[in-house]
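Bear in mind these aren't lab numbers, they're just calculated from the coordinates by the rules spelled out. All of these numbers come straight from a predicted model, not from anything done at the bench. Ideal geometry is used to build each Cβ from the backbone, glycine not excepted, and the neighbour counts take in all protein chains shown.
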Amino acid sequence: MFSGIIEAIGTVETIKEFGQDYRFVISTGKLDLSDIHVSESISVNGVCLTIIEMSANTIAADISSETLACTTFGTIQAGGKVNLEKALQLSSRLNGHLVIGHVDGIGIVKSIKEEGRSICYEIQFPASLKKYIARKGSICVDGVSLTVNETGITGFKVNIIPHTLEETIFPEYDAGSSVNLEIDLIARYLEGLLVEQ
């Protein structure tokens, strides 16, 4: 479980192919690894991965063919930047929203526009996610907890403040960039309750 508050920007050092799977080795930048261990979870661009190896400033994680098919990991190359967040502890403040690291779909950045000191990103979502995305609701984009400012038939808008721009990979995006989307956990369970009735 995560909060969507990014703790560091990492860099993919190497990608090794093992049949249909891949192993990513990621340099973790300023992320403090002293309190985590092999077999624990970490969010990489909003995807919950298991740490299988680590050093003082790197982690390694295996990416299955299923994860490659359902996320943007298939487009990431060595040298690419990624958002990192360690798993929550029960004593942690929940500053974003509850994020589980299970990607619901891939979005496409449609436009990027300056609005005062923030940047407005318009992101196209898969049609299947429309009913889960609400104005002023929560959405997770590449692991970043955000508030939806506006939503339409095919996309939504979020405003990224200067601090978030500095602490995440949002400045790396161009129109056409792919991003991992996770809907609000409450919307997911609410649908389950309504469908069962």
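If you place +1 on the Cβ of every Lys and Arg and -1 on the Cβ of every Asp and Glu, how big does the dipole about the Cα centre of the chain come out, in debye to the nearest 20?
Working: 15 positive and 25 negative charges, 109 e Å.
My answer is approximately 520 debye.
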Hits among lysines - C-alpha to C-alpha of Lys131 under 28 Å, sequence gap 8 or more where chains match: Lys110, Lys113, Lys157
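Where does the charge balance sit around Cys120 when Lys and Arg score +1, Asp and Glu -1, over other residues with C-beta under 10 Å from its C-beta?
On the way: positive: Lys113, Lys157; negative: Glu114, Glu115, Glu122, Glu150.
Value of the local net charge: -2.
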So what is the 222 nm mean residue ellipticity for the chain from helices alone, if each DSSP H run of at least 4 adds -39500 (n - 2.57) and you divide by all residues, rounding to the nearest 500 deg cm²/dmol? -3500 deg cm²/dmol
Principal-axis tilt of helix 185-196 within the chain, Cα atoms, nearest 10 degrees: 60
For an R0 of 45 angstrom, estimate the FRET efficiency from the Cβ-Cβ distance between Ala175 and Leu90 and round to the nearest 0.05. 0.65
Treating only Lys and Arg (+1) and Asp and Glu (-1) as charged, each at its beta carbon, one finds that region 86-164 has a dipole about its Cα centre, in Debye to the nearest 20, of 180
Over region 74-134, consider all pairs of different Cα atoms and compute the Kirkwood hydrodynamic radius from their mean reciprocal separation; express it in Å, one decimal. 15.2
Taking 8 Å as the Cα distance limit and 6 or more residues as the minimum spacing, I'd like the relative contact order of the chain as a percentage. 25
Given Cβ charges of +1 for Lys and Arg and -1 for Asp and Glu, the option among Ile106, Ala87, Ile52 whose Cα lies farthest towards the positive end of the dipole of the chain is Ile106
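Tell me, Thr168, Thr154 in order of fewest to most beta-carbon neighbours within 10 Å? Each step should come with its number before you reach the end.
Numbers: Thr168 24, Thr154 14.
Sorted ascending by nearby Cβ count, the order is Thr154, Thr168.
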May I ask you to sort Val82, Val47 by Cβ crowding, counting other Cβ atoms within 10 Å and putting the fewest first? Val47, Val82
Sequence-distant aspartates and glutamates (8 or more away, or on other chains) whose Cα lies within less than 16 Å of Lys136: Glu122, Glu150, Glu182, Asp184
How far is it, in nm, from the label point at His163 to the one at Ser65 when both lie 7 Å from their Cα along the line to the Cβ? 4.4
Given 10 °C and 1.306 mPa s, compute D for the chain with the Stokes-Einstein relation, Rh being the Kirkwood radius over Cα pairs; round to the nearest whole µm²/s. 93
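Compactness ratio of region 105-196: Cα Rg over 2.2 N^0.38 Å, N = residue count?
Working: Rg = 13.2 Å, N = 92, 2.2 N^0.38 = 12.3 Å.
In units of the globular-protein estimate, region 105-196 measures up at 1.08.
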